[in-house]
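First up is the structure itself, then whatever we jot down about it.
The values are calculated or read from the model by the stated rules, or taken from the named source; none is laboratory data. Here the structure is a predicted model, which is why all the values come from computation and not from measurement. All Cβ positions, even for glycine, are placed from backbone atoms using ideal geometry, and neighbour counts span all protein chains on display.
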Amino acid sequence: MSARLKPEHVLLRTEAVAEDTDFSWLDDAPKKRGMQPDPNSANQKMLRRKNEIATQNRREGVGNKQSRHRRSMTDDKWQKFLELTANGLKRADVLKVLMLTKETFEVWMITHTAAIKQLSEVDSVWMRRSWPLDEIELMLAKIASGKTIKVSGAELGYDEKRVGSFISLVRRDIRVKDMYDLARELQSEAWMDESIDIADNRSGDTFVDLKGIRKVDHAVIQRDRLRVDTRWRTMGAMNRKRFGDHKYIDHSGEIQVNHALLLSHARKRLEATKKPPTATIDNETQNVVNE
C-alpha cells in the first residue's frame, strides 16, 4: 500500500515555517498583561530572597526541602555566630542569618566541648556592655547593706527586665559572681545587726486597754520574732560557716602527725609490760615470795 501523499499547499506551508526562524518580531508585539507588581513590595522581596536561596542551594548541591536541615555548622560559621552574638543579636536571629537550624546548633554544642565556654564568654561580653562597672558597684553596695536584689533595683530605678539582666550577668560573668558572693556575705552581717535592732526595739510591744491597764501586745512580739527568725534562717543558708545551726567542719586543712611523740608513748607502754614482779613476805615461813 503506497503512502498517502500530502497536498501541495501543505508542503509549501511547512517549508515556509521551517525556513522562517526569526521570531524577533514577537518582542515588538503588544503583550496582554495586567498591572505590573511593585518590585519594592514585601511579596516581591520575599520571592527574590527565595530565588536567591534556591540558587545557592543548587550551587551547593542541597535539595530545596532539606536545605536547612542538611546544612552543617563549620568553624567559619561558628566564629561568625560568636561575632554576631557579641554584637547583641539574638540567637534565633543569628541562626536565621546563617541559615542554620536549632538542631544543628545543639549538635555543635554537644560535639564541641569548648563551644560552651566560648558562648558563655561572648554572652558575658555583651552583657557587660550594658552594665558599666559603676552601676554594678551600686547594685552590690545596696545588696551588701541588707537590701534584696528587687528592692535595690527599684531604688536605682531599674525595671524587672533590667534586674533580670543583672541576675544573668552574675550567673555568666565569673568576676561579677565573686563580687556578688562577697556582697552576700556582707549582707548576712547587716542582717545580723538588723536582727539585734528588732529584738532590742521595745516600741509598740505594749498597749493600754479600755480599763487603762498597760498590757503586752503579743501580736507585735510574734511579728518581730518572725522577722528575726526569717533573717537568721536566710543567713544560715547563705553563710553556713558563720551562721549555720550545725557544726561546720573544715576539711581543707592538713593533718600533722608528731611521730617522735607517738614513738615515745609506745616505748613507755612497752617498758611498763616488762617490769619485774613485786616481792612479798610469807608470814608463816618468813620467806620472800614473788607474785
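So, Val163, is that one within 30 Å of Phe81 (Cα to Cα) and either over 33 Å from the mean Cα position of the chain (by Cα) or aliphatic (A, V, I, L, M) (or both) or not? Walk me through how you get there before you give the answer.
On the way: within 30 Å of Phe81 (Cα to Cα): yes; either over 33 Å from the mean Cα position of the chain (by Cα) or aliphatic (A, V, I, L, M) (or both): yes.
The answer is yes for Val163.
Which residue is nearest to Val170 (Cα to Cα), if the candidates are limited to region 114-146 and must be outside any helix (DSSP H, G or I) and in contact (Cβ under 8 Å) with a residue 24 or more places away in the chain? Show your work before the answer.
Within region 114-146, the first condition is being outside any helix (DSSP H, G or I), and the residues that meet it are 131-132, 145-146.
Then drop every residue that is not in contact (Cβ under 8 Å) with a residue 24 or more places away in the chain, which leaves 131, 145-146.
On the way: Trp131: 11, Ser145: 18, Gly146: 18 Å.
This residue is Trp131.
If Leu156 passes every condition in (1) surrounded by 15 or more Cβ atoms within 10 Å (Cβ to Cβ); (2) modelled with pLDDT of 85 or more; (3) in contact with a helix residue (DSSP H, G or I) (Cβ under 7 Å, 6 or more places away or on another chain) but one, which one does it miss?
The one condition Leu156 does not meet is (1).
Residue pairs, Cβ under 8 Å, 6 or more apart or interchain, first in region 84-110 and closer than 21 Å to Arg49 by Cα and in contact (Cβ under 8 Å) with a residue 40 or more places away in the chain, second of a type in the set (S, T, N, Q) and surrounded by 15 or more Cβ atoms within 10 Å (Cβ to Cβ). List them.
Close Cβ pairs (under 8 Å, with a partner that is of a type in the set (S, T, N, Q) and surrounded by 15 or more Cβ atoms within 10 Å (Cβ to Cβ)) amount to Met99/Ser67.
Kindly provide the set of residues from region 78-92 that are more than 19 Å from Ser165 (Cβ to Cβ) and not in a helix (DSSP H, G or I), ordered by number.
If the condition is that a residue be more than 19 Å from Ser165 (Cβ to Cβ) and not in a helix (DSSP H, G or I), then no residue fits.
Which of the residues belonging to region 161-170 are without any contact (Cβ under 8 Å) to a residue 40 or more places away in the chain, farther than 24 Å from Glu189 by Cβ and in contact with a helix residue (DSSP H, G or I) (Cβ under 8 Å, 6 or more places away or on another chain)? Quick ask: steps written out before the conclusion?
At the first step, the residues of region 161-170 found to be without any contact (Cβ under 8 Å) to a residue 40 or more places away in the chain are 161-167, 170.
Imposing the further condition that a residue be farther than 24 Å from Glu189 by Cβ reduces the set to 161-162, 164-165.
Listed by number, the residues that qualify are Arg162, Ser165.
Hey, among Leu100, Leu95, which residue is part of a helix (DSSP H, G or I) and of a type outside the set (Asp, Glu)? Can you show your working first?
Values: Leu100 fails: part of a helix (DSSP H, G or I).
Of Leu100, Leu95, the one residue that is part of a helix (DSSP H, G or I) and of a type outside the set (Asp, Glu) is Leu95.
Is it true that Val94 is at pLDDT 85 or above, in contact with a Leu (Cβ under 6 Å, 6 or more places away or on another chain) and buried (at least 18 other Cβ atoms within 10 Å of the Cβ)?
Details: at pLDDT 85 or above: yes; in contact with a Leu (Cβ under 6 Å, 6 or more places away or on another chain): yes; buried (at least 18 other Cβ atoms within 10 Å of the Cβ): yes.
Yes, satisfied.
Here is a list of conditions, (1) closer than 24 Å to Ile136 by Cβ; (2) touching a Lys or Arg at 6+ places or on another chain (Cβ under 6 Å); (3) free of Cβ contacts under 8 Å to residues at least 24 places away in the same chain, and Trp191 meets all of them except one; can you say which number that is?
Just one mismatch for Trp191, condition (3).
Taking the residues in region 63-75 that are more than 25 Å from the chain's Cα centre (by Cα) and at pLDDT 55 or above as candidates, determine which candidate is surrounded by the fewest Cβ atoms within 10 Å (Cβ to Cβ).
Narrowing region 63-75 to residues more than 25 Å from the chain's Cα centre (by Cα): 63-72.
Keeping just the survivors that are at pLDDT 55 or above gives 71-72.
Working: Arg71: 17, Ser72: 9.
Once the filter is applied, the top-ranked residue is Ser72.
Which of the residues that make up region 184-226 are surrounded by 15 or more Cβ atoms within 10 Å (Cβ to Cβ) and of a type in the set (Phe, Trp, Tyr)?
The one that is surrounded by 15 or more Cβ atoms within 10 Å (Cβ to Cβ) and of a type in the set (Phe, Trp, Tyr): Trp191.
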